[in-house]
Every structure is written in structure tokens, then in C-alpha cells.
Amino acid sequence: MNKPLKTSRVPNKSDLLSLVVPVFNERSMLPIFFEHVLPILASLDIRSEIVVVDDGSEDGSAEFVKTVIEKRSSIRLVKLSRNFGKEAAVTAGLEHARGEAVIVLDADLQDPPEYIPEMVRSWKSGFDVVLMQRRSRVGESFFKRWSAHLFYRLLNRTSRTEIPVDTGDFRLMSRRAVDALLRLGERNRYMKGLFAWVGMPTTIIEYDRALRAAGESKWDYPGLVGLALEGLTSFSVSPLRWATLVGLLAASVGGLFGFWIVVKAIMLGDPTDGYPSLIALISFLGGIQLVSVGIVGEYVGKTYIESKQRPLYLTEEVVETREASSRDQI
Ligand code: UDP
Ligand code: MG
């Protein structure tokens, strides 16, 4: 049965804020991260915890977090058994977060923690989702900005879920929004789309996305293209329809062309020679067919993966100090 969502409630002082931080090979970043974030959390008038999800780092990130945990009871480490990707890591973090509100934050300080107090204020004023929208994309190439723009346009044209432009995972969600999100059990986790699907009272705060303070982005172009395809095919089936439409169009043009050649040969006595046009036509149609089969394959593959019902991630261990379970403050 589809249970109704919990009604929203007014946050109070004893509420807990969870910070979910996915970490993959961020050893050089983590000390700076904690140094930055902890004072900001301490300045809030609500309690807070940090859930660090180690997504199979191989550079000692998890070990470093463990040393921090020894000193700070408000930090927890969820260590995944291998690298499952950021989307799975964020899901793991959301599942382990205990807070009445949850903020997802990158470890590389590209999502400025300085905005946390403002996000919390928006939440307190009654919003379930506080979206952080990038005002500028400092240091990103023209090509990256342009391709991102094109992608969002395409995505929002094709899917019925409006996915806000220039927002990432950096956002605050109320407990009921998190619970709603965790009910979506699909394996292909295109987070931005899932977040948007949940809906709920939402407000937007604009911010300037900073450059990475240390380490390297884990995304390369093939990865981004993969993510874009994932986004398109997770949230709409219209590519399948395009394939049909393009096929129909190509078939009609081919049919008319054939008809015209016959008419020309019989009525006008002008037999057409010229295999170049044939070759062009055949490779054009062959291309369309292959692309269409590929599109169908994307969906069949997705169905296959979903049908296996594998867990999204495996947790190797959860590390916390004993006081943390009794909800201690920083
Ligand atoms: N990340 C992760 N698993 C991965 C890749 C990245 O948990 O497989 C984390 C990474 O440690 C960082 C965040 O996701 O905290 C964003 O990654 P990155 O900075 O590489 O992405 P970008 O900012 O370039 O989108
Ligand atoms: Mg980054």
C-alpha cells in the first residue's frame, strides 16, 4: 500500500542535522574539510552529525576518518565494500543519517559549507527541500558548460519530471523527503532525477560553486556521457519513440524516392544509374537501425539490471564512538 507521507513538522532546538559526505580517495581533502565544516556546525543552534561514506577509497581516507572519530563523537563512518559510485554512496549516507534534516555535501568543498546556516534557516521556515543552484561555473571550460546546458534542455524536454537546471546533490532535505526518496528502490540511481521526482515544498538558494580545493575530479568525459545517458533513459522512454519516428520518416522518404525512380524509368524512359546514392542511403538507414537497436538495448539492459534486485551497495563496516549512538553533540 502506498502510505501517505508523514505530515511536516516544525523543527525545534533538539533536532539533529545530518551531513552526508561521500568520499572516494579524498585523503588530501579530508583534513581541510573537517577544519572548515566543524566550526560551522558548532555555530548552529541545532545538534549535528556527519555521516562520512567511504566509497572504496584506496588512499587511506577511511583510516583518517577513523582517527577523527576517536576525537569526535558526532562523526560516523560508513565504509562500503568497494567503489560503488557517488550515487550509491549518497544513498548509503541517507540510509544511515539519523537527522531530522539531511544535507548532502561533497568532500572537496566545492559545495560551500558556509551556506549550511542559511539552508537550515530555510528548512526551519517550512521548506522540505532546499535546493542549491549554481550561479556560476567557475573554472569550467566553455565546452563543459555548453554540454551541460544542452543536456538539461534535452532532459527536461523528454521527461515529465522537471529536473532543475544547475543543481547537483548539494541540498537539504527534511526527514520526510529523505524517507520518500529512500522508498524509490531502483538500482539505476540518477539522483538528480530521483530528488526531483519526490517533489515537496522546495526553495532555491543560489551560490557560486568553488574550485576543488585539492585532489582531482573523479569525472571524465566518458563518465559524464554515461551519466547523461543514464539520466535520459532513467526518466523517460521518449528516445524509444524517437527511434520509431525517425524510422518511419526514413522509410517514407525511401519509399517515395523508390516510387519516383520507377516513375522516372517507366514514364520518362530515364533509367537511373548511380550506386553512390544507394551506398549513401544504405549506410544512412543502417546507421539509424543500429542507433535504434542501441536505444532499445539501453532500456532492455536497465530492465535486466533492475530485475536482479541486487542491493545498491554493501557496507563493510560502520564506525562510530559509543556516545554517538546516544546522539551526542559536537
Ligand atoms: N565520489 C564518490 N564516489 C565516486 C566518485 C566520487 O563518493 O565514485 C565523491 C567524491 O569523493 C566527492 C564527491 O563524490 O566527495 C564529488 O566527486 P567529484 O568532486 O569527483 O565530482 P565533481 O565535483 O567533479 O562533480
Ligand atoms: Mg568536485
Residues Met132, Met200, Met173, Met191, sorted so that the one with the fewest Cβ neighbours within 10 Å comes first: Met200, Met191, Met132, Met173
Computed label-point distance, nm, for sites Ile261 and Asp179 using a 7 Å Cα→Cβ extension: 6.6
Stretch gain in nm, segment Glu114-Leu229, where the contour uses 0.36 nm per residue and the Cα spacing is subtracted: 38.1 nm
Interchain or long-range residues, amide H under 5 Å from Arg171's placed H: Val104
Derived scalar couplings ³J(HN,Hα) [the stretch 243-252; Karplus, 6.51 cos²θ - 1.76 cosθ + 1.60; whole Hz; x for Gly, Pro]: 4, 4, 5, 4, x, 4, 4, 4, 5, 5
Difference of contour (0.36 nm per residue) and Cα-Cα distance, Arg82 to Ser147: 20.3 nm
Cα-based equivalent ellipsoid of the chain: semi-axis lengths in Å, sorted from largest, via gyration tensor: 49, 20, 19
Residue order, fewest to most beta carbons within 10 Å, for Val318, Val53, Val130, Val120: Val318, Val120, Val130, Val53
Neighbour-count ranking [beta-carbon atoms within 10 angstrom, fewest first] of Asp208, Asp111, Asp55: Asp208, Asp111, Asp55
Of the trypsin sites (Lys or Arg not before Pro) in the stretch 55-87, those whose Cβ has at most 12 other Cβ within 10 Å and which sit in DSSP loop: Arg82
Spatial separation of Cα centroids for the stretch 223-287 and the stretch 125-174, in angstrom: 34
Cα-based reach from Lys124 at 14 Å (exclusive), listing aspartates and glutamates while leaving out same-chain residues under 8 positions away: Asp15, Asp45, Glu100
Sum of -39500 (n - 2.57) over DSSP H runs of 4+, divided by residues of the chain (222 nm, nearest 500): -16000 deg cm²/dmol
DSSP beta bridge pairing in the chain, given as percent antiparallel to the nearest 5: 30
Calculated FRET efficiency for the pair Val253/Thr321, C-beta based, R₀ 56 Å, to 0.05: 0.20
Fully extended contour minus Cα-Cα distance, from Leu314 to Val237, at 0.36 nm per residue: 24.7 nm
Estimated FRET transfer efficiency (Thr303, Arg98; beta-carbon r; R0 25 Å; 0.05): 0.10
Dipole-positive endmost among Gly301, Gly247, Val21 within the chain (Cβ charges, Cα centre): Gly247
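Throughout, read-outs are computed from the coordinates displayed, never taken from laboratory work. No experiment lies behind these values; they were computed from the predicted model shown. All Cβ positions, glycine included, derive from the backbone under ideal geometry; neighbour counts span all protein chains shown.
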